[in-house]
1. Counting just the residues of the range 79-98 that are within 14 Å of the chain's Cα centre (by Cα) and acidic (Asp, Glu), which one comes out surrounded by the most Cβ atoms within 10 Å (Cβ to Cβ)?
2. In the range 68-91, what residues are assigned to a loop (DSSP other than H, G, I, E, B), of a type outside the set (Ser, Thr, Tyr) and over 14 Å from Glu23 (Cα atoms)?
3. Return the residues of the range 32-42 that are surrounded by 14 or more Cβ atoms within 10 Å (Cβ to Cβ) and either at negative phi or of a type in the set (A, V, I, L, M, F, W, C) (or both); say none if nothing qualifies.
4. Can you find, within the range 32-52, the residue that is nearest to Tyr70 (Cα to Cα) among those that are without any contact (Cβ under 8 Å) to a residue 60 or more places away in the chain and among the hydrophobic types (A, V, I, L, M, F, W, C)?
5. Name the residues in the range 26-37 that are under 10 Å from the mean Cα position of the chain (by Cα) and either farther than 23 Å from Thr3 by Cα or outside any loop (DSSP other than H, G, I, E, B) (or both), would you?
6. So in the range 1-15, with the set limited to residues that are surrounded by 13 or more Cβ atoms within 10 Å (Cβ to Cβ) and part of a helix (DSSP H, G or I), which one is nearest to the chain's Cα centre (by Cα)?
7. From Leu29, Leu101, Leu76, Leu18, grab the single residue that is out of contact with any Leu (no Cβ under 7 Å at 6 or more places or on another chain), free of Cβ contacts under 8 Å to residues at least 24 places away in the same chain and surrounded by 13 or more Cβ atoms within 10 Å (Cβ to Cβ).
8. Condition first: buried (at least 16 other Cβ atoms within 10 Å of the Cβ) and over 17 Å from Gln19 (Cα atoms). Now tell me which residues in the range 43-67 satisfy that.
Amino acid sequence: MLTFTQLTNSSSISGTSLQGYIECDYETLCRVFGKETSDGDGYKVDVEWELEFSDGVVATIYNWKNGKNYCDEDGLEIDEITEWNVGGHSKQAFANVSKALMGKMGSLA
């Protein structure tokens, strides 16, 4: 069974890049992955989860240029965001996030 932990050392996510997109609300992401690990970069990202899976794959989940940080008053509130980017060092990051999300969402229903 694939498990994950939240990262506390952001150096592990250095060099990650976009691997895919997920559609999900903020509340579900919090239920599945816990409270976000970062308040973003203060510019293009408002919130981010930094994860490491039991297979060693590192992944990030974050909004990009659609929140208040980037768009000011025209930006979405965090709880209104439904499109999220998944970053990682490989496509396996996206696969792991998708698998964890689908597995947990099924058990939350």
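Only the coordinates and a few stated rules stand behind these numbers; no lab work does. This one's a predicted model, so the numbers in the text were calculated from it and none came from an experiment. Ideal geometry is used to build each Cβ from the backbone, glycine not excepted, and the neighbour counts take in all protein chains shown.
1. Glu83
2. Hits for the range 68-91 are Gly75, Glu77, His89.
3. Initial filter on the range 32-42 (surrounded by 14 or more Cβ atoms within 10 Å (Cβ to Cβ)): 32-33, 36-38, 40.
Within the range 32-42, Val32, Phe33, Glu36, Thr37, Ser38 meet the criteria.
4. Looking only at the range 32-52, we keep the residues that are without any contact (Cβ under 8 Å) to a residue 60 or more places away in the chain, and these are 34-52.
Right, trim to among the hydrophobic types (A, V, I, L, M, F, W, C) and you get 45, 47, 49, 51.
On the way: Val45: 7, Val47: 12, Trp49: 18, Leu51: 24 Å.
Checked the range 32-52; the qualifying residue nearest to Tyr70 (Cα to Cα) is Val45.
5. Step one: list which residues in the range 26-37 are under 10 Å from the mean Cα position of the chain (by Cα), which gives 26, 29-30, 33, 36-37.
Those that are under 10 Å from the mean Cα position of the chain (by Cα) and either farther than 23 Å from Thr3 by Cα or outside any loop (DSSP other than H, G, I, E, B) (or both): Tyr26, Leu29, Cys30, Phe33.
6. Taking the range 1-15 and keeping what is surrounded by 13 or more Cβ atoms within 10 Å (Cβ to Cβ), we get 4, 6-7, 12-13.
Now drop any that are not part of a helix (DSSP H, G or I), which leaves 12-13.
On the way: Ser12: 15, Ile13: 12 Å.
Restricting to residues being surrounded by 13 or more Cβ atoms within 10 Å (Cβ to Cβ) and part of a helix (DSSP H, G or I), the top hit is Ile13.
7. Numbers: Leu29 fails: free of Cβ contacts under 8 Å to residues at least 24 places away in the same chain; Leu101 fails: free of Cβ contacts under 8 Å to residues at least 24 places away in the same chain; Leu18 fails: free of Cβ contacts under 8 Å to residues at least 24 places away in the same chain.
Answer to the selection: Leu76.
8. We begin by selecting, within the range 43-67, every residue buried (at least 16 other Cβ atoms within 10 Å of the Cβ); these are 45-53, 57-64, 66-67.
Within the range 43-67, Asp46, Val47, Asn66, Gly67 qualify.
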